[in-house]
1. Using Cα-Cα distances under 8 Å and only pairs 6 or more residues apart, what relative contact order does the chain have, in percent?
2. Go through 99-106, 40-47 and give me the packing order, highest mean Cβ count within 10 Å leading.
3. Between the helical axis of 199-211 and the dominant principal axis of the chain, each derived from Cα atoms, what acute angle in degrees is found, rounded to the nearest 10?
4. Measure nothing but the geometry: give the 0 to 90° angle between the long axis through the Cα atoms of 107-130 and the longest principal axis through the Cα atoms of the chain, rounded to 10°.
5. What number comes out for accessible area per residue over the chain if the probe is 1.4 Å? Units Å², please.
6. Helix-only mean residue ellipticity at 222 nm, the chain, DSSP H runs n ≥ 4 weighted -39,500 (n - 2.57), per residue, nearest 500. What is it?
7. Hey, which of these cross-link pairs are over 32 Å Cα-Cα: Lys103/Lys210; Lys42/Lys103; Lys187/Lys210; Lys42/Lys209; Lys42/Lys210?
8. Quick one: which of 30-36, 201-207 comes out on top by average Cβ neighbours within 10 Å, and what's the full order, highest first?
Amino acid sequence: MKILIVEDENEIAQLIEQTLMREGFSCLIANDGLSALEIFRKQQPDVVILDLMLPGLDGLEVCTRIRQQPYDKDPYILMLTARGEEIDRVIGLSTGADDYLVKPFSPRELVARVRALLRRSLRHEVQEVSQTYKTKHFTVDLEQHTATRTLDNSTDELDLTTLEFSLLTTFLSYPGRVWSRTQLIDKLWGNDFFGDERVVDTHIRRLRKKIEPNSANPTFVKTVVGVGYKFEDET
Ligand code: CA
């Protein structure tokens, strides 16, 4: 497991590195946003520990750009923030970080968070092998090409178009993750897409009609203003 540490304060960066190396992780360090992106492209780490306040390109921008890269395996991003109120800002902007840690933090806390992220990633791989994705209310079976919703103790098969099926599968593969329209287009159409990215909104609207108890007030497929969409359900 490769971890990229992005932190402009060298002492903190080295402390994180030592902590994680003791736990058997291999680490890379970047001291600013641009070199972080360069190392990211070359090394494709599994986890990125990303400080919010960086000179030049800040952590939010780095996070957004990492999420825009079309890689097979998305990294887990753990954002470091100096103050509690910054977290609200980070979550409000929903750039696609997977977790947040407020400075100062203990080495033990950091290791616990990284392990939790990696457990998520292992679970994800297992699911990919078994070809099913499951959250509390939804199950998608890729082999059978079936999607079901369980609500109020009743399980119903969903009648989805191929595109809606792919959309739901994408959402279920990373519950809680924020997707931009561009990222969804990459997942659904790959490089074959030419047109207005707002077409995604149309398919989202149709999917909501089929899976939401009340599509005017969605509880599963949430709009993230200025960014895109996210799927929320317990796993
Ligand atoms: Ca900093």
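1. Answer for the chain is 13 percent.
2. Details: 99-106: 13.8, 40-47: 16.5.
Answer by packing, highest mean first, reads 40-47, 99-106.
3. Computed tilt is about 60 degrees.
4. In the chain, helix 107-130 runs at an angle near 30 degrees to the longest axis.
5. Counting only protein heavy atoms, the per-residue value for the chain is 52 Å².
6. Values: 8 runs with 102 residues, N = 235.
Rounded to the nearest 500, it is -13500 deg cm²/dmol.
7. Details: Lys103/Lys210 43 Å; Lys42/Lys103 28 Å; Lys187/Lys210 20 Å; Lys42/Lys209 42 Å; Lys42/Lys210 41 Å.
Over 32 Å apart, Cα to Cα: Lys103/Lys210; Lys42/Lys209; Lys42/Lys210.
8. So the peptides 30-36, 201-207, ranked by packing, come out 30-36, 201-207.
The values are calculated or read from the model by the stated rules, or taken from the named source; none is laboratory data. No experiment lies behind these values; they were computed from the predicted model shown. Note that we place each Cβ from the backbone using ideal geometry, even for glycine, and neighbour counts take in every protein chain shown. Side chains included, ligands, DNA and RNA excluded: accessible areas come from the protein's heavy atoms. Shrake-Rupley method; radii C 1.70, N 1.55, O 1.52, S 1.80 Å.
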